[in-house]
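The numbers here are math on the coordinates, done by the rules we state, and not lab data. Predicted, not measured: the structure shown is a model, and the values here were computed from it. When we count neighbours, we look across all protein chains shown, and the Cβ atoms used for this are built from the backbone with ideal geometry, even at glycine.
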């Protein structure tokens, strides 16, 4: 009778400890994401985000009369927009993609104002919510508190999540929504198996699926995995019918957007882009202004896909860009394979022979004296093979028979989004679309697999646990360096720029205009060289109005400063004094690559 209270106290203490650990992970997640999130100026895609969210077409297709006038004012620029304006802005600025995200951002700006920090804050929140959702997902569907905390901890410091939380784009929102939809999908299957009422779950699933697809069209790759999983494992005809009806209802909402909103131009524009990039791949693959675009041969696709797959996995993240030289690569993989075979031979031995416990770390470190570049990264590459073996053992030994279908589901969700990109690359004939952010929906599920490998490592005998822990610690150091480069805006894969951006120059220009303007003055904007590729890009104007548009976003909505665009000025925003004609340079934008 006296033991029960003690057990209850111990159980309560463990619960409190786990809650404190989870809280610490969430605080770390939020801190890593909010740190320097408003430091650097918005790049072109974020400029599109801002304009679209306000119902303004990039380059002013729905503002032709405004910019055709001799002068215009911020008050003119901010005149009320109609729903048709929002639809047209979405069509022209993002080929009809992401209306749900732009709607969320419109509400956010209404509530919290417009600044670079403010517009990126929803991404910070959605990315942090993804960490919490991942914890809840693993705890519920894999029934393991330790695995849930490990998964959340890995996601908290995942550079991919951190980088995209710093962007006013739809990605962080879609990662959260697709994980939430998968959670609801599994809950539906669970409740259906118990014969319990699921109406509320079906409604939530429909809404989440529709919102996900209307946040990014490629989220359909996640729901394709849902369908494949149900096809193989669901044996309930009624549940099949209800899921099919849910899919029809969700896609009906999406279809309404395609029929009457921005989707009407999507397929036409995608077909044009496929032909455009295919032509670049064949005629100008290197110096085309869009990066390296190669023809979609098996070799080119494999080379482009390798870092996508490797960066999905925490303990191989970044290796694709660091491991160079066939000799080095062969030596690292050979060392890793030999260590894995040794591990397999003595896997269950608590006290293996000297050959094993002494040979295992020596084999992993065998190449260190002879690697010609990045020896630490090659050591991590060698250690990744035994870690993948531990993942295999974790899936085999730690996952119950009833949970193995969930593991198959994880593998599907980890691979299908990227495989879909490879399929589309071959179909389009170029490699331009093989990029991490388009298959980033896989990251939460790969994170769970990595956590399974790490849990097996933690529970392993010390003779191979400690050598592998050293390699994992070294990888954590490299991950920390990558995060530093992200914060410094100097990692091209994650921030798109090798040279750090400065603080938003157009927001700075708007501040200076307000400080220096005197009645009678006129603000003069430069005109960029226009880029028009499709009918959607054409706005009927001879000048680019983008700099004027973005600057006006930061000016007071009721201001009446006369403004105009000078077609002969390329870089400077000027203030022309009304009394003297003096031309004062407000800001010189020359050389700012993220202006485009």
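Extending each Cα 7 Å along its Cβ direction at residue 408 and residue 344, get the distance between those two points in nm, one decimal.
If labels sit at residue 408 and residue 344, their model points lie 2.4 nm apart.
Hey, what's the Kirkwood Rh for the range 48-148 if you take every pair of different alpha carbons, in angstrom? List each step's numbers first, then the result.
Details: mean 1/r = 0.0629 Å⁻¹.
Value: 15.9 Å, from the Cα pair sum.
Taking the Cα atoms only, what angle lies between the long axis of helix 116-141 and the longest principal axis of the chain, rounded to 10 degrees?
With rounding to tens, the tilt is 20 degrees.
By how many degrees, between 0 and 90 and to the nearest 10, does the Cα long axis of helix 171-194 differ from the longest principal axis of the chain?
So the inclination is approximately 50 degrees.
Any chance you could get the radius of gyration and Dmax over the Cα atoms of the range 294-476, in Å?
In Å, with Rg to one decimal and Dmax whole: 17.6, 56.
Sum -39500 (n - 2.57) across every DSSP H segment of at least 4 residues in the chain, then divide by the residue count to get the 222 nm mean residue ellipticity, nearest 500.
Dividing the helical sum by the residues of the chain leaves -21000 deg cm²/dmol.
What Kirkwood radius, in Å to one decimal, follows from the Cα pairs of the range 407-501?
16.1
Exposure proxy check: 299, 81 ranked by fewest other beta carbons within 10 Å? List each step's numbers first, then the result.
On the way: 299 9, 81 16.
Least to most surrounded, the residues fall as 299, 81.
What translational diffusion coefficient, to the nearest whole µm²/s, does the range 264-377 have by Stokes-Einstein, given a Kirkwood radius computed over alpha-carbon pairs, a temperature of 20 °C and 1.002 mPa s viscosity? Walk me through the numbers before you get to the answer.
Values: Rh = 17.9 Å.
The diffusion coefficient I find is 120 µm²/s.
Could you give the length gained by full extension between residue 240 and residue 327, i.e. 0.36 nm per residue of separation minus their alpha carbon distance, to one decimal place?
26.1 nm
With a/c under 1.5 counting as rounded, go ahead and sort the range 206-331 into rounded, prolate or oblate using the C-alpha gyration tensor (a ≥ b ≥ c being the square roots of the eigenvalues; past the cut-off, prolate if a/b is larger than b/c, else oblate). Display every interim value, and only then the final one.
On the way: a/c = 3.04, a/b = 1.47, b/c = 2.07.
Oblate, since a/c reaches 1.5 and b/c is not below a/b.
Would you indicate which of (1) 91, 63, 55; (2) 129, 55, 34; (3) 90, 73, 46 is the value of Cα extents along the principal axes in Å derived from the coordinates of this structure?
Checked against the structure: label (1).
Determine, for each peptide in 215-221, 380-386, the mean count of other beta carbons within 10 angstrom over its residues, then list the peptides with the highest first.
380-386, 215-221
What ranking of 347, 265 emerges when the number of other C-beta atoms within 10 Å of each C-beta is taken as an exposure proxy, fewest first?
347, 265
Can you sort 511, 88, 350 by how many other beta carbons sit within 10 Å, fewest first?
Lowest count first: 350, 511, 88.
Assuming a viscosity of 1.002 mPa s and a temperature of 20 °C, what translational diffusion coefficient in µm² per second does Stokes-Einstein assign to the range 448-555, Rh being the Kirkwood radius over Cα pairs?
Translational D for this selection: 110 µm²/s.
Taking R0 as 51 Å, what FRET efficiency do you get between residue 70 and residue 207 from their Cβ-Cβ distance, rounded to the nearest 0.05?
That gives a FRET efficiency of 0.60.
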